[in-house]
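Notes follow the structure.
The values are calculated or read from the model by the stated rules, or taken from the named source; none is laboratory data. Everything numeric here is computed off the predicted structure, so don't read it as measured data. We place every Cβ from the backbone using ideal geometry, glycine too, and count neighbours over all the protein chains shown. Calculation scope for accessible area: heavy atoms of the full protein, side chains included, ligands and nucleic acids excluded. Shrake-Rupley method; radii C 1.70, N 1.55, O 1.52, S 1.80 Å.
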Amino acid sequence: MFEHFFMHMLPKKVSENGVRFKPTLYLGAMLVMLFMFLSVSGLLLLFYYTPERSQAFASILFLEEKVFLGSFFRSFHRMSSHIFLIVLSAHMLRVIFSGAYKVRTYSWRLGLFIFTLIIFEAYAGYLLPMDQLSWWAAKTGLELMKSLPIGGILESILAPDGIGSRLTLTRYFALHIVVIPMFLIVLVSVHMFAVRRQGLSIEGMKVSSDKLKSRLIILFVVMFMSVIILSIFIGAPLTLEADPTTPPNPAKSAWFLLWLQEIVSWRTWYINFVMLVYITMFFLPELSRRKSGFGWFSFDDRPVWISVLLMVIIILVLTIIAMFFRGADWSFGLYFS
Amino acid sequence: MAGDIGEDEMISRRNLLRSLIAAPFLFLTGKYLFPPSEAKGVLVEVESDKIPEGGAMVFHDENIILVRADEEVIAFSLECTHLGCTVALNGEEFACPCHGSKFASDGSVIQGPATRSLDRYVTKITNNKIQVIESKKDV
Ligand code: HEM
Ligand code: FES
């Protein structure tokens with residue numbers, strides 16, 4: 001039965017373009033796999049983690065130092081999440097650059113909701129170990145959120161008594177473990193269903209899905225092995241126990257939020273530009289005057305893909321600046337640590 | 001009458017009815033998510049002569065620093081007015097590790113991104129005791 005269930009996630013016949021590598025780069029399939037890695041390793045961490053502020057750090061320390069494979073599973077979960085965020089961005093870029101967003105507007109907008117939830121999911125997970133790194137990353141992230149128009153309300157729901165306090169840790173835990181994953185599972189299922197119902201945005205002959213199946217199995221093995229190897233060689237960091245009174249200097253947020261931290265370090269309200277771009281994304285299909293269907297970097301869609309490409313470059317540059325060129329008191333210089 | 005209503009209108013009426021039923025439930029659940037706030041009144045109490053002239057005393061848990069300057073004791077909040085990180089007293093100035101704001105010892109901004117001086121709390125002095133009250137001063 002189980003085998004049946006998983007094998008029937010794919011229909012008997014699929015478009016030949018779903019089998020080929022070039023239209024999708026298999027990025028969506030990779031996301032499904034990474035989502036499974038994250039769920040399973042997350043469930044394993046749940047056997048040891050204690051969501052209570054005086055116990056949380058100690059429970060992670062115990063997991064890291066005493067439990068057989070403890071540090072491996074923690075590292076595996078973290079590594080999967082890093083890769084998940086990168087592949088997620090790549091999936092969205094492939095959808096833009098190939099023009100699929102214009103043809104499959106429903107999936108595009110649903111995808112943006114999924115994307116938003118995933119950012120919150122990754123952010124909420126960051127606090128849980130309650131070490132210095134996570135405490136201050138969660139703090140600076142929350143401050144970022146507060147600079148948004150609805151930030152105040154969000155803050156009083158997410159962190160009513162401040163980062164690391166009883167209610168806040170409980171809420172971040174609940175959000176990370178149950179609330180957001182539950183919504184994600186539902187929305188991702190609808191996303192999968194929509195992709196299957198509407199078919200890929202590129203028309204093609206129907207062929208047997210056997211070839212795709214065997215390719216996906218190979219992809220699964222390769223992904224699984226790569227994440228295992230990476231997690232063995234790059235352990236998950238654990239600094240000292242969180243100390244709300246002594247921030248590390250500089251206090252940096254989670255890596256995927258660093259570019260935002262760099263922006264608000266100039267002027268707080270610049271964050272509104274980012275919000276504007278985010279909202280624009282929802283209307284990208286209407287704003288684009290693209291006529292052609294599927295096609296990588298089409299000539300008639302230059303305004304869209306050039307500005308998105310530019311945005312990607314800006315985000316990368318800002319991330320690099322915040323990561324390597326910001327030292328004590330956020331001063332500019334060369335700091336490789 | 002009912003026969004005259006088109007299908008679209010039926011659907012929009014049904015949606016309206018649904019929203020009307022859902023709204024109070026959502027509102028009440030929304031309220032549930034906001035915990036009652038605990039009013040503390042007095043945040044910090046300390047004997048006045050414990051703080052020397054030109055000196056300061058930090059209360060980490062409350063995020064407050066008491067500074068004595070010209071006989072007067074000022075209670076600054078250590079919460080950065082930019083986005084709320086904790087500033088640290090660094091010689092004569094307060095520095096923020098999150099985005100690099102700097103404040104002078106009187107709380108005024110030396111360097112952005114912060115644009116507002118450090119907040120001050122209301123203080124009360126009785127019998128050589130200084131109390132910091134949970135209420136911010138307008139400066
Ligand atoms: C957990 C997150 C996600 C998973 C598991 C996922 C999975 C998939 C899969 C398997 C496909 C079909 C094959 C492929 O394109 O690789 C797909 C297509 C698509 N995805 Fe996602 N996706 C996710 C997130 C997103 C996000 C964040 C967006 C956009 C903001 C998005 C937009 C789309 C669109 C528009 C298509 C249709 C592409 C076409 O028809 O050519 N997805 N997704
Ligand atoms: S929070 Fe202090 S400079 Fe931004």
Qualifying trypsin sites (Lys or Arg not before Pro) for region B:37-139 [loop in DSSP, other Cβ within 10 Å: at most 15]: B:K40, B:R116, B:K137
Hey, with R₀ at 41 Å, roughly what FRET efficiency would A:F233 and A:F325 work out to, going by the Cβ-Cβ distance, to 0.05? 0.95
10 Å Cβ neighbours from other chains, averaged over peptide A:138-145: 3
Heavy-atom accessible area of region A:2-244 with neighbours in place, 1.4 angstrom probe: carbon+sulfur share in percent works out to 73
Mind telling me which of A:Q132, A:Q55, A:Q261 comes out most flexible in a GNM of chain A, alpha-carbon contacts under 10 Å? A:Q55
Could you tell me which chymotrypsin sites (Phe, Trp or Tyr not before Pro) in region A:41-86 are loop residues by DSSP with no more than 12 other beta carbons within 10 angstrom of their beta carbon? A:F47, A:F68
Helix-only estimate, please: 222 nm mean residue ellipticity of chain A, summing -39500 (n - 2.57) across DSSP H runs of length 4 or more and dividing by its residues, to the nearest 500. -20500 deg cm²/dmol
Per the charge dipole of chain A (beta-carbon charges, Lys/Arg positive, Asp/Glu negative, Cα centre), the residue among A:S147, A:L34, A:I217 reaching farthest to the positive end is A:I217
With contacts defined as alpha carbon pairs under 8 Å and 6 or more residues apart, what's the relative contact order of region A:133-276 in percent? 45
Per residue of A:264-271, what is the mean number of Cβ atoms on other protein chains within 10 angstrom of that residue's Cβ? 4
Å² per residue, accessible surface of chain B at 1.4 Å: 64
Below 15 angstrom from the Cβ of A:I234, what's the summed charge of the other residues (Lys, Arg +1; Asp, Glu -1)? +1
Residues A:L93 and A:K12, FRET efficiency given R0 of 30 Å [Cβ-Cβ distance, rounded to 0.05]: 0.45
Between chains A and B, what is the buried accessible area in Å², counting both sides, with a 1.4 Å probe and ligands, DNA and RNA left out, to the nearest 100? 1700
Kindly tabulate the residues in region B:80-95 with an accessible-area decrease of at least 50 Å² between the chain alone and the assembly of all protein chains, using a probe of 1.4 Å. B:L83, B:T86
With a cut-off of 8 Å between alpha carbons and a minimum separation of six or more residues, what is the relative contact order of chain A in percent? 27
Using a 10 angstrom cutoff on alpha carbons, build the Gaussian network for chain A and name the most mobile of A:P250, A:P11, A:P129. A:P11
Within the set of other residues whose C-beta is less than 12 Å from the C-beta of A:I96, count the net charge using Lys and Arg as +1 and Asp and Glu as -1. +3
Accessible area of region A:271-320 belonging to carbon and sulfur atoms, whole % at 1.4 Å probe: 80
How many angstrom lie between the C-alpha centres of region A:102-129 and region B:63-139? 38
Suppose we flag GluC sites (Glu not before Pro) only when DSSP calls them loop and at most 12 other Cβ atoms lie within 10 Å. Which is the longest uninterrupted stretch of chain B? B:93-139
Average projected area [Cα convex hull, chain B], square nanometres: 14.2
In a GNM of chain A with a 10 Å cut-off on Cα contacts, which of A:R289, A:R215, A:R197 has the highest mean-square fluctuation? A:R197
Give the angle, between 0 and 90 degrees and rounded to the nearest 10, that separates the Cα long axis of helix A:105-127 from the longest principal axis of the Cα atoms of chain A. 20
So, with a 1.4 angstrom probe, what is the percent of accessible area on region B:42-137 that is carbon and sulfur? 44
In nanometres, what is the gap between the two model label sites at A:Y48 and A:V32, each 7 Å from Cα along Cα-to-Cβ? 3.2
Mind checking region A:46-145 for trypsin sites (Lys or Arg not before Pro) that DSSP puts in a loop (not H, G, I, E or B) and that have at most 10 other Cβ atoms within 10 Å? A:K66
In the neighborhood of A:Q261, defined by Cβ-to-Cβ distances under 15 Å, what is the net charge if each Lys or Arg adds +1 and each Asp or Glu adds -1? +2
Rounded to the nearest 500 deg cm²/dmol, what is the calculated helix-only ellipticity per residue at 222 nm for chain B, with -39500 (n - 2.57) per DSSP H run of length n ≥ 4? -6500 deg cm²/dmol
Per residue, how many Å² of accessible area does chain A show with a 1.4 Å probe? 53
